[in-house]
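Beneath this line is the structure, given in structure tokens, with notes to follow.
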Amino acid sequence: MRIRHLTDSENDKTWSSFCEGANVHVSSGAKGKEKESDKSQDTPTAALAWAEKEEWSRIKKGFVLDQLDAQAGEPRMHRLRSKAYTGALPIADIAGQMLCNSFDDTRPGDRLYLLDASGQQTALPDLPLQRLAWKAIYLPTLQRLLIKADHQVLSWAKGDTAYTVLSAPNQHPVSCLDAQGSLAVWYAEPHLVVTDLHSGQQLLKLPLPYELYGGHTSQMEAALSPDGATLAYCACAGEIVLLEIATGAVRATIAGDFKMIKLLKYSADGGYLIAETAYGNNSHLCFDMQSMALRPGWPASSFDGRTTLALSPDGKLCAIANGNKMQIYDFITLECTLSFRIEHVVKRCSIGWVGQYLGVQTDYGCASLYALG
């Protein structure tokens, strides 16, 4: 059984579908004047496919799925995020609203906006022209959003009419961004810098050349530990360096046969460091920060390059999306607690916790919130 309700508030229209077996019952039209019909299909699978295709055709026309009674693994909200796919899929939780991007070919470049649980949209200021937003991090302690717009770092707070520039655009196509508490790290070519955004004090300025992996892609990623004491960075394939921020001393080095690292992130308690790889067999590696060894039983290690991963803010859950398959794991036991299909995705998506929901942006142009229980 599958029940969906979509609304087009601009034109005061609704569209609903109810799948039961091989039949799809449809209600559509102006509010209060809906017409009902049955669309019988050959099989229950064909009925579900037909309903989803019809649903997507209406989402592309401006309808929004607002499913307040969504159960675990079902979408709470669907809304068109962008008709064009550029590869940039930033996602962040800003006080219970999901940050999304939409490519605007009239400017051109990305536009950023917030979506609430019912799909209502709030626009953010315009990014500089010709910029794509590749990563976004919200710092609740400062109530400030950090954005990696191509190879420059910008910030925004509620009420700002323009973005604050935190770093100049890098001369070469190389950049990174991470933040914890009031601290942030980024690459201001040719230095990796750590700054306390509350005081404005620069805590570390490390001269660090980057590697061109395979002669074509810049290697530079970094992550701050939750306590703000340690910086993990990768500037060349096969090596992750752990640096003490206060002294600049190297605490440890993780070496391995992993290829290019395109993302580093600590677990909420700092006990593990997750590395997302490219050009190798493994998509995500998880290192134990006590033994510096790979974590046994880590489920994401064997997934392919379409995989994306997100940890819950409390550190208890880990969401792993591989293509259109979503799995939620208990981060302590590594047991899968929930599995469901991601809708309206071609090959890949980005994911992140947004309040009580799991936010998703897909390469098909859909922004969604999924209920988890």
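Once you have the Cα-Cα distance between residue 255 and residue 314, take 0.36 nm times their residue separation minus that, and quote the gain in nm to one decimal.
On the way: separation 59, 0.36 × 59 = 21.24 nm, distance 2.90 nm.
That pair, residue 255 and residue 314, stretches by 18.3 nm at full extension.
Tell me the label-point distance for the pair residue 161, residue 212, using the 7 Å Cα-to-Cβ offset, in nm and rounded to one decimal.
Computed distance between label sites residue 161 and residue 212 equals 4.4 nm.
For residue 20 and residue 236, FRET efficiency with R0 = 45 Å and r from the beta-carbon atoms, rounded to 0.05?
Numbers: r = 57 Å, r/R0 = 1.27.
Working from the Cβ atoms, E equals 0.20.
Which value, in Å², gives the accessible area per residue of the chain when a 1.4 Å probe is used on the protein heavy atoms? Can you show the working numbers first?
Details: 17010 Å² over 373 residues.
Result: 46 Å² per residue.
Just for the Cα atoms in region 252-330, what are the lengths along the principal axes, largest first, rounded to whole Å?
Computed over region 252-330, the largest-to-smallest principal extents equal 36, 31, 20 Å.
Accessible area of the chain with a 1.4 Å probe: how many percent of it is carbon plus sulfur?
Working: 8310 of 17010 Å².
In the chain, the share of accessible area belonging to carbon and sulfur is 49 percent.
What are the ³J(HN,Hα) couplings of region 202-216, residue after residue, when phi is run through the Karplus curve with 6.51, -1.76, 1.60 and θ = phi - 60°? Round to Hz, x for glycine and proline.
With coefficients 6.51, -1.76 and 1.60, one gets 7, 8, 8, 9, 9, x, 8, x, 9, 9, 8, 5, x, x, 9 Hz.
On a 0 to 90 degree scale, rounded to 10, what angle separates helix 44-59 from the longest Cα axis of the chain?
Result, in degrees: 70.
State to the nearest 20 debye the size of the charge dipole of region 252-352 about its Cα centre, where the only charges are +1 on K and R beta carbons and -1 on D and E beta carbons. List each step's numbers first, then the result.
Details: 10 positive and 9 negative charges, 81 e Å.
The dipole of region 252-352 has a size of about 380 debye.
Specify the inter-centroid distance of region 258-315 and region 349-373, based on alpha-carbon positions, in whole Å.
Distance between centres, Cα-based: 20 Å.
Going by average Cβ neighbours within 10 Å, how do the peptides 195-201, 185-191 rank, with the highest at the top? The partial results should precede the final answer.
On the way: 195-201: 13.3, 185-191: 19.7.
Result, highest mean first: 185-191, 195-201.
What Kirkwood hydrodynamic radius do you get for region 289-338 when you take the inverse of the mean 1/r over all pairs of distinct Cα atoms, in Å?
Numbers: mean 1/r = 0.0862 Å⁻¹.
Computed over Cα pairs of region 289-338, the Kirkwood hydrodynamic radius comes out at 11.6 Å.
In the structure shown, do any of 83/262; 35/83; 135/316; 205/262; 13/61; 39/61 have a Cα-Cα gap over 19 Å, and if so which?
Details: 83/262 26 Å; 35/83 29 Å; 135/316 23 Å; 205/262 21 Å; 13/61 11 Å; 39/61 21 Å.
In this structure, 83/262; 35/83; 135/316; 205/262; 39/61 exceed 19 Å between Cα atoms.
Over all pairs of distinct alpha carbons, what does the Kirkwood formula give as the hydrodynamic radius of the chain, in Å? Kindly include the intermediate steps, with their values, before the conclusion.
Values: mean 1/r = 0.0458 Å⁻¹.
Hydrodynamic radius (Kirkwood, Cα pairs) of the chain is 21.8 Å.
Explain nothing, just the number: relative contact order of the chain, from Cα pairs under 8 Å at least 6 residues apart, as a whole percent. Walk me through the intermediate numbers first.
Details: 946 pairs, mean separation 43.7, N = 373.
The normalised contact order for the chain reaches 12 percent.
Calculate, for residue 69 and residue 279, the FRET efficiency according to 1/(1 + (r/R0)^6) with r their C-beta to C-beta distance and R0 30 Å; round to the nearest 0.05. Display every interim value, and only then the final one.
Working: r = 44 Å, r/R0 = 1.46.
The computed FRET efficiency comes out at 0.10.
May I ask you to derive the FRET efficiency for residue 83 and residue 12 from their Cβ-Cβ distance with R0 = 22 Å, giving the value to the nearest 0.05? Write out the running numbers ahead of the final one.
Numbers: r = 23 Å, r/R0 = 1.06.
The value I calculate is 0.40.
Going highest first, how would you order 161-169, 352-360 by mean Cβ packing within 10 Å? List each step's numbers first, then the result.
Working: 161-169: 13.9, 352-360: 22.6.
Per-residue Cβ counts within 10 Å, averaged per peptide and sorted highest first, yield 352-360, 161-169.
Between region 178-254 and region 34-59, what is the C-alpha centre distance in whole Å?
50 Å
How far is it, in nm, from the label point at residue 40 to the one at residue 120 when both lie 7 Å from their Cα along the line to the Cβ?
Label-label distance for residue 40 and residue 120, simple model: 4.3 nm.
The values are calculated or read from the model by the stated rules, or taken from the named source; none is laboratory data. Owing to the predicted nature of the structure, the values given are computational and were not obtained by experimental measurement. Backbone-built Cβ (ideal geometry, glycine too); neighbour counts: all protein chains shown. Just the protein is used for accessible areas: all its heavy atoms, side chains included, with ligands, DNA and RNA removed. Shrake-Rupley method; radii C 1.70, N 1.55, O 1.52, S 1.80 Å.
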